[in-house]
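Have a look at the structure below before the remarks.
We did not get these values from a lab; they are worked out from the coordinates using the rules stated. What you see is a predicted model, and the numbers here were worked out from it, not measured in a lab. Cβ atoms come from the backbone with ideal geometry, glycine included; neighbour counts cover every protein chain shown.
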Amino acid sequence: MSSQVQSSDPRAKDQHASAAERSPLEASAEAIHFLNSLGKEELQMLFFSETLAMVSNTGEPQGELTIEVQSGKLKDKFDVVSHYPFVHASCRGFMDKTICGNSVRGYLSWNLRTIEQHSQEFIKFHILPMERKMSLLKEEDQLVMNRSIKEGEEVKTEVTFIPWDSTVGFISEAANLLLLRVMAWRQMVPNNARFLALDTEGKLCYSTYQALGSQTIQVDRQQAEVFIVEQTVHSDQGIPTSCQFYLLSDGHLAKRIQVGSPSYCLITKMPSLREEDEMEPHPVFKKKPLMWEEDMELYSKFLDRKEQLRLSHTRYLQQHPDAQALISDFLLFLLLRQPADVVTFAAEYFGPFAMHRPPSPALRSSDPRSPFRTLHTESS
């Protein structure tokens, strides 16, 4: 037997979108400001995996919880690959000798907006097994939510469209795990911050966080100080649900207690705490005046180079007697003319001998312009 509640046709889509737009639920300004303050470098410091043991209140092992945050690749509709934070958490164990578990996989933006998330929860009862699946996917200007509930042979499905603008301040399950690490890293919870979340029925509701202070607990025969944060999801259709998170200074989860649950999660091995790298200031070297004449080594190199150039020039003149004759003619011509500008006179004299000189026009002026003279625009 199967029943479905579909909203795939345009009219149903508009109805869901209109209902979401009429919703008065909005995240507080403090919550939005906190999310906008997140940075890529800060979140990358919180990329690591961790494993906690699930135990009952009497100390009996019941399962295992694994949380992993890393950099993930995601393609858009144009096949452009982008890097986003990827969160994968899974939990599997026993509850009253019944196998149960849940998992969540999600891609987030760098300010923790949900781009894509898939979650699953199951309880394998002997008579009526139960399984819940939910997916969130950003499409254009909306967030599409698909939910399915399977109890025995009966399956119920539902599709909801939420305008993207209405999801500002929304914290999904995947985003919540990374948000808690940020709070532990900063050792603070934003005051009066009211976020948005989904309750167990897939309805938007408020979610708040409260700092319960610090406490010292024993982890793997070591004393560790933890920062305690309590999250409360305020469902409109039921009683609020609260969960307490005991977090180490670098974001590792040391303990998780769901209020009213007969079990909790506990870390069994003390991890190596991550610390922010302290960037040492670059050394500043003051520029000192170079007194090379007083430096014996530099002055010796100067004399050697000077003598080397003198010998090179002398050798060139010996191997090219025409150059010697050219220089003699120039000196004689210089003494006869005695120009006021010797540099320009030399440029005009040696110009025709240049190897890369452009070809001269057929009819040359009796007063050719020098390349060293300033060109003035002749008045008409």
Neighbourhood net charge (13 Å Cβ-Cβ; Lys/Arg +1, Asp/Glu -1) for Ile217: +1
Zone residues, region 79-94, relative to Glu68, backbone N less than 13 Å from point 7 Å out along Cα-to-Cβ: 86-91
Gain upon complete extension [Gln215, Lys301; 0.36 nm per residue less C-alpha separation]: 24.0 nm
In nm, spacing of pseudo-spin labels at Asn102 and Ala347 (7 Å Cα→C-beta vector): 8.4 nm
Descending Cα extents along the principal axes, region 225-359, whole Å: 113, 46, 30
Average Cα contact separation per residue, the chain, under 8 Å, 6 or more apart, as relative contact order %: 13 percent
Label-point separation in nm, Glu293 to Trp164, each point 7 Å along Cα→Cβ: 7.2 nm
Hydrodynamic radius by Kirkwood, which averages 1/r over all alpha carbon pairs of region 296-351, in angstrom: 13.6 Å
Projected area, mean over directions - region 10-266, Cα convex hull, nm²: 15.0 nm²
Fluctuation leader among Pro281, Pro163, Pro352 - the chain, Gaussian network, Cα springs under 10 angstrom: Pro352
Cross-link partners of Lys150 among aspartates and glutamates (Cα-Cα below 19 Å; sequence separation of 8 or more within a chain): Glu121, Glu131, Glu158, Asp199, Glu201
Given charges at beta-carbon only (K, R positive; D, E negative), |dipole| of the chain in Debye: 720 debye
Phi-based couplings in Hz for region 30-44 (Karplus 6.51, -1.76, 1.60; Gly and Pro marked x): 5, 5, 5, 5, 5, 5, 5, 7, 6, x, 4, 5, 5, 5, 5
Residues listed by number, region 118-144, amide nitrogen under 16 Å from Glu153 label point at 7 Å toward C-beta: 127-130
Residue pairs, from the table Lys77/Lys156; Lys75/Lys138; Lys124/Lys269, whose Cα atoms sit over 19 Å apart: Lys77/Lys156; Lys124/Lys269
Sum of side-chain charges, Met130 neighbourhood, beta-carbon under 9 Å (Lys, Arg +1; Asp, Glu -1): 0
Label-to-label distance, nm, for residues given as Ser328 and Thr51 (7 Å Cα→Cβ offset): 9.6 nm
Computed lengthening from Gln338 to His118, 0.36 nm per intervening residue step minus Cα-Cα distance: 69.9 nm
Calculated FRET value between Asn111 and Leu25, using beta carbons and R₀ = 30 Å, to 0.05: 0.95
Per-residue ³J(HN,Hα) for region 69-82, Karplus 6.51 cos²θ - 1.76 cosθ + 1.60, θ = phi - 60°, Hz, x for Gly and Pro: 10, 8, 7, x, 9, 9, 9, 8, 5, 9, 6, 8, 8, 10
Linear extension gain, Leu311 paired with Val81, 0.36 nm per residue minus alpha-carbon span: 76.3 nm
Net charge of neighbours whose Cβ lies under 11 Å from the Cβ of Phe48, counting Lys and Arg as +1 and Asp and Glu as -1: -1
Candidates Ser263, Ser242, Ser82: whichever shows maximal mean-square fluctuation once the chain is modelled as a Gaussian network with Cα springs under 10 Å: Ser82
